[in-house]
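The values are calculated or read from the model by the stated rules, or taken from the named source; none is laboratory data. All figures in this text were calculated on a predicted structure; none of them were measured in a lab. Glycine also receives a Cβ, built like all others from the backbone with ideal geometry; neighbour counts cover every protein chain displayed. For accessibility, only protein heavy atoms count, side chains too; no ligands or nucleic acids. Shrake-Rupley method; radii C 1.70, N 1.55, O 1.52, S 1.80 Å.
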Amino acid sequence: MLPQPHRHPWMDSEIDAFRDQVRRYIAGELSPHLDEWRRQGYIPRETWAAFGQMGFLLPEMDEAWGGAGASLAYQCVVQDELARAEFPMSAAVHSIASHYILDYGTPEQKARWLPKLTSGELFAGIALTEPGCGSDLQALRTRARRDGDDYVIDGAKTFITSGFTANLLVVAVRTGEAGSRGVSLIVVETENLPGFQVGRRLEKLGQHASDTAELFFEGVRVPADNLLGGTEGTGFAQLMSQLPYERMLIAVPSAAVIERVVELTLEYTQQRKVFGKLLYDLQNTRFKLAECATLAHVVRTFVNDCVQRLVDGELDDTAAYMAKWWAAEQQCKVTDECLQLFGGYGYMVEYPVARFYADARVQRIYGGANEIMKELIARRMSS
Ligand SMILES: Cc1cc2nc3c(=O)[nH]c(=O)nc-3n(C[C@H](O)[C@H](O)[C@H](O)COP(=O)(O)OP(=O)(O)OC[C@H]3O[C@@H](n4cnc5c(N)ncnc54)[C@H](O)[C@@H]3O)c2cc1C
């Protein structure tokens, strides 16, 4: 049993009941299919639509958009429970994409997309990364040219989570000059869209149930009204100001996975015998688990504090960068240490610890590589 972290005000009995509901739904309706989804390489969109019908996809959306008007802590709880049950980041990306529309969309854009995103009729992805640029988004080359009442998009994106399953994408494009001021975000509904093509679904080290795809845009026409917020050149600022929320939706799963892996390892070592005694009774095992449990506790306490600040609208960028890089780093460390205690079984994909280990690695890369997080923290320290 892990020590319970301090309960912040956001952790009230209503959120406990919500967590319980989400956990039961995942265990009963989603987890039984997860192996099949890993094999096929994606989770069907209908699954997320059903999740939306339960009110779990975007509980934080206003009632006007079909949500429950709940605090962002509810979305964090959903991500916490999905991660604990080994689900990939698809639903988190959906929430992040939807928040771009919530925060920057014109009233018409919100009315057009938010209710469908909340219900799951639309499932969203974010297409920023290109073959030639990931960390340095100012270098992006996908271009959107104004032509009458349309934009015409040409370019290529890669590594896009839900690139194959999503039917709405928030796409970063260049509408103007080189550098950050020429960047805009355009919302693209992809179904039966001429010129839009999903390329390869990329084979990954982990997170096999999530489709990560290449996308191609060749003369793709979308109405000019799809320009997010309606003003060209505001895309980079829009991207930057969403980052604290995005980073929390990476840090929360890290905390969940660390706890789950420690629980699994505790169980395993308390029944596995080596040299005539329980693996847990060896001092190395006890010390390793004590270290991992301490990390679980410290990560959770820090992450919970950031969630409180997020709920209060007071989460500063720097704390979110810290939470992202540090929690991801601890996730990789703990999954590695725990895998070691499973011996050969830990290397077998049928054991959850092996899957958690493989799934963890990318947490240090996407959502802003950890080195970028440290660079941004250091910049703030010297300003
Ligand atoms: C599974 C997966 C899912 C993803 N999902 C999405 C998605 O949904 N949408 C999307 O747009 N993108 C997505 N990405 C892309 C991801 O955000 C990028 O891979 C990431 O931003 C890094 O960009 P890059 O791969 O081009 O690496 P590069 O930018 O080439 O960087 C390579 C490495 O160089 C180092 N580095 C780079 N810049 C600096 C610096 N300034 N200082 C110090 N070191 C530095 C870092 O170690 C970095 O890991 C996903 C990636 C993966 C693997």
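Taking into account only those residues within segment 159-175 that are open to solvent by less than 30 Å² (accessible area, probe 1.4 Å) and not in a strand (DSSP E or B), which is nearest to D225 (Cα to Cα)? Applying the filter and picking the extreme gives T175.
Selection of first residues in segment 181-207 that are within 21 Å of S98 (Cα to Cα) and at pLDDT below 95 and of second residues that are open to solvent by 100 Å² or more (accessible area, probe 1.4 Å) and within 15 Å of the ligand (Cβ to nearest atom), restricted to Cβ pairs under 9 Å at least 6 apart or on distinct chains, gives an empty result. With respect to being more than 30 Å from Q53 (Cβ to Cβ) and within 18 Å of the chain's Cα centre (by Cα), S180 falls outside the description. Screening V353, V334, V307 for residues that are in contact with a Gly (Cβ under 8 Å, 6 or more places away or on another chain) and touching a residue at least 24 places away in the same chain (Cβ under 8 Å) leaves exactly one candidate, V353. One residue stands out among those in segment 101-133 that are without any contact (Cβ under 8 Å) to a residue 60 or more places away in the chain and small (G, A, S): the one that is nearest to the ligand (Cβ to nearest atom), which is G125.
When E63 is tested against (1) over 15 Å from the mean Cα position of the chain (by Cα); (2) crowded, with 19+ Cβ neighbours inside 10 Å; (3) not hydrophobic (A, V, I, L, M, F, W, C), just one condition goes unmet, and that condition is (2).
Checked against the criterion of being within 19 Å of R84 (Cβ to Cβ) and either assigned by TED's automatic domain parsing to the domain that holds R260 or surrounded by 15 or more Cβ atoms within 10 Å (Cβ to Cβ) (or both), the candidates L376, L295, L278, L341 yield just one match: L295. Just to check your reading of the model, which residue among Y366, Y345, Y351 is over 23 Å from Q4 (Cβ atoms), within 15 Å of the ligand (Cβ to nearest atom) and hydroxyl-bearing (S, T, Y)? It is Y366. Taken over segment 135-150, the criterion of being touching a helix residue (DSSP H, G or I) at 6+ places or on another chain (Cβ under 6 Å) and either near the ligand (Cβ under 9 Å from one of its atoms) or open to solvent by less than 20 Å² (accessible area, probe 1.4 Å) (or both) is satisfied by S135 alone. Among the residues here, S119 does not qualify as touching an Asp or Glu at 6+ places or on another chain (Cβ under 7 Å) and either open to solvent by 40 Å² or more (accessible area, probe 1.4 Å) or of a type in the set (G, A, S) (or both).
Count of segment 83-114 residues, restricted to those that are within 30 Å of R38 (Cα to Cα) and among the acidic types (D, E), is 1. The residues of segment 226-237 that are open to solvent by less than 10 Å² (accessible area, probe 1.4 Å) and in a helix (DSSP H, G or I), listed by number, are N226, L228, G235. Per this entry, A97 is not counted among residues that are within 16 Å of the ligand (Cβ to nearest atom) and either over 29 Å from L376 (Cα atoms) or in contact with a Ser or Thr (Cβ under 8 Å, 6 or more places away or on another chain) (or both).
Does L57 count as surrounded by 18 or more Cβ atoms within 10 Å (Cβ to Cβ) and either assigned to a loop (DSSP other than H, G, I, E, B) or over 19 Å from the mean Cα position of the chain (by Cα) (or both)? So L57 passes the test.
Here is the figure for segment 344-378: residues that are assigned to a loop (DSSP other than H, G, I, E, B) and of a type in the set (G, A, S) total 3. Whenever a residue of segment 8-20 is open to solvent by less than 60 Å² (accessible area, probe 1.4 Å), its partners that are outside any helix (DSSP H, G or I) and of a type outside the set (S, T, N, Q), lying with C-beta atoms within less than 8 angstrom and at least six residues away or across chains, give the pairs F18/P59; F18/A70. Count, please, the residues in segment 189-225 that happen to be on the phi > 0 side of the Ramachandran plot, assigned to a loop (DSSP other than H, G, I, E, B) and more than 14 Å from the ligand (Cβ to nearest atom). Selection size over segment 189-225: 2.
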